[in-house]
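> Just dropping this structure here.
The values are calculated or read from the model by the stated rules, or taken from the named source; none is laboratory data. Remember, it's a predicted structure, so these values are computed and weren't measured experimentally. Here the Cβ is made from the backbone with ideal geometry for all residues, glycine too, and neighbour counts use every protein chain on show.
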């Protein structure tokens, strides 16, 4: 069992409590290892170097022999070239950074990536091609292979609907252009779960107040339980609440509290160069 982040903050720098930032750091480190955080090799090297700096401090030739970065498992797969680049950045660019600064730099770098905060749901498109649907702090995304092929901001999404194993996304995009995207999940249960995830993510990130959230339904006559309402604070209320709290300084161990050594990788992440 592992504690996970459900809603990722749009701006990690807005998190005032250091312990909260640290737990988010652990989560995204886990996302990187499990292949949920897609990025170019250059970005991957930078992220891994921030992890090294946060966990072992400045490079010390007496403590860190040749190939020292290979002892850390940052990704599901990676090359020796990437390994060398990680060590180069750690040795030459991060000297003097405190663990807290390195963790924050890691978070800000991760937040800038297209797949920050994604939890991919496997689907098929209308042509039978595999795709992964995901929801982020900024909107709805569709991933195929190593590419993001669709991105809709939350204020562009007008309706989410499911019918059995069929999931529809209705949106208005670019000068009132109407879009309907259709995907197919493995089971009706998976489709309903996908719909619920979409509804609660849109409510959490789009509304200013929880009182604005309404019950929504999918126009499905055959599948029970198709009405749903997100309950809880929305993002704006949650982040505003952190402004009133003082930061707590941690001295947490770097043990893998989220089992980053577990051999469980995401479906579309690979660093081969």
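> Got a number for residues in the range 84-98 being crowded, with 19+ Cβ neighbours inside 10 Å and either touching a residue at least 60 places away in the same chain (Cβ under 8 Å) or part of a helix (DSSP H, G or I) (or both)?
So the answer is 5.
> Here's another thing I want to ask about it. Out of all the residues in the range 120-136, which are in contact with a strand residue (DSSP E or B) (Cβ under 9 Å, 6 or more places away or on another chain), surrounded by fewer than 18 Cβ atoms within 10 Å (Cβ to Cβ) and not in a strand (DSSP E or B)?
Passing the criteria: 125, 126, 128, 129.
> Taking the conditions exactly as written (under 30 Å from residue 50 (Cα atoms), in contact (Cβ under 8 Å) with a residue 24 or more places away in the chain and either outside the structural domain of residue 37 (by TED's automatic domain parsing) or not in a loop (DSSP other than H, G, I, E, B) (or both)), does residue 152 satisfy them or not?
So residue 152 does not fit the description; no.
> Evaluate the range 48-60: report whether one residue or more is without any contact (Cβ under 8 Å) to a residue 24 or more places away in the chain and in a helix (DSSP H, G or I).
Yes, the range 48-60 has at least one match.
The rows are residues; the columns are (1) over 30 Å from residue 132 (Cα atoms); (2) in contact with a helix residue (DSSP H, G or I) (Cβ under 7 Å, 6 or more places away or on another chain).
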site: 8; (1), (2): no, no
site: 33; (1), (2): no, no
site: 44; (1), (2): no, yes
site: 62; (1), (2): yes, no
site: 74; (1), (2): no, yes
site: 77; (1), (2): no, no
site: 89; (1), (2): yes, yes
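> I've got another one for you. For residue 22, are the conditions met, namely being in contact with a helix residue (DSSP H, G or I) (Cβ under 9 Å, 6 or more places away or on another chain), surrounded by 15 or more Cβ atoms within 10 Å (Cβ to Cβ), outside the structural domain of residue 91 (by TED's automatic domain parsing) and in contact (Cβ under 8 Å) with a residue 24 or more places away in the chain?
Values: in contact with a helix residue (DSSP H, G or I) (Cβ under 9 Å, 6 or more places away or on another chain): yes; surrounded by 15 or more Cβ atoms within 10 Å (Cβ to Cβ): yes; outside the structural domain of residue 91 (by TED's automatic domain parsing): no; in contact (Cβ under 8 Å) with a residue 24 or more places away in the chain: yes.
It is false that residue 22 is in contact with a helix residue (DSSP H, G or I) (Cβ under 9 Å, 6 or more places away or on another chain), surrounded by 15 or more Cβ atoms within 10 Å (Cβ to Cβ), outside the structural domain of residue 91 (by TED's automatic domain parsing) and in contact (Cβ under 8 Å) with a residue 24 or more places away in the chain.
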